[in-house]
Every structure is written in structure tokens, then in C-alpha cells.
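Step one of this worksheet: look at the structure below.
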Amino acid sequence: MSFQSSETAIDEIVASCNGDLRGALKALLLVNEHLEAEIAQLYAAAAHYGLNERNRHAVH
């Protein structure tokens, strides 16, 4: 992401919170928590799938 696009994104986020910087930070933290939870689910699914793949190859 370029500096200009980062600045634009920041301006848009703050504007969506009516100029409230604290509200913008809170919104970003909530989005970050959601993304971290999604990543954890993906890692869990990948680990589960990998375990099943190894078991399938060992049986055949």
C-alpha cells in the first residue's frame, strides 16, 4: 500500500467515525480482532486437513 493510499484510507476511516479518532481506533481494533479470529480458524482448518491427509496416505 502506498503512502498516498494509506493516507486516503485513514481519512476515510476517520470520516466514517465523524472525525472521532478514538472511535476510528476502536473500529480498527474490532476489525483486527475479527481478522485474527478468521486467521485462527483458517490455521485450525489447515492443521486438521493436513492431519487427515497424512492419515489417508498412511492407510493406503
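Potential lengthening of the chain between Leu21 and Gln41 amounts to 4.2 nm, from the contour at 0.36 nm per residue minus the alpha-carbon distance.
Length gained on full extension, His48 to Val31: 3.5 nm, using 0.36 nm per residue less the C-alpha separation. Note on segment 1-46: with charges restricted to the Cβ of Lys and Arg (+1) and Asp and Glu (-1), its dipole about the Cα centre is near 100 debye.
Throughout, read-outs are computed from the coordinates displayed, never taken from laboratory work. Note that the coordinates shown come from a computational prediction; the quantities given were computed from them, not determined experimentally. Neighbour counts are summed over all protein chains in view; Cβ atoms, including those assigned to glycine, are modelled from backbone coordinates with ideal geometry.
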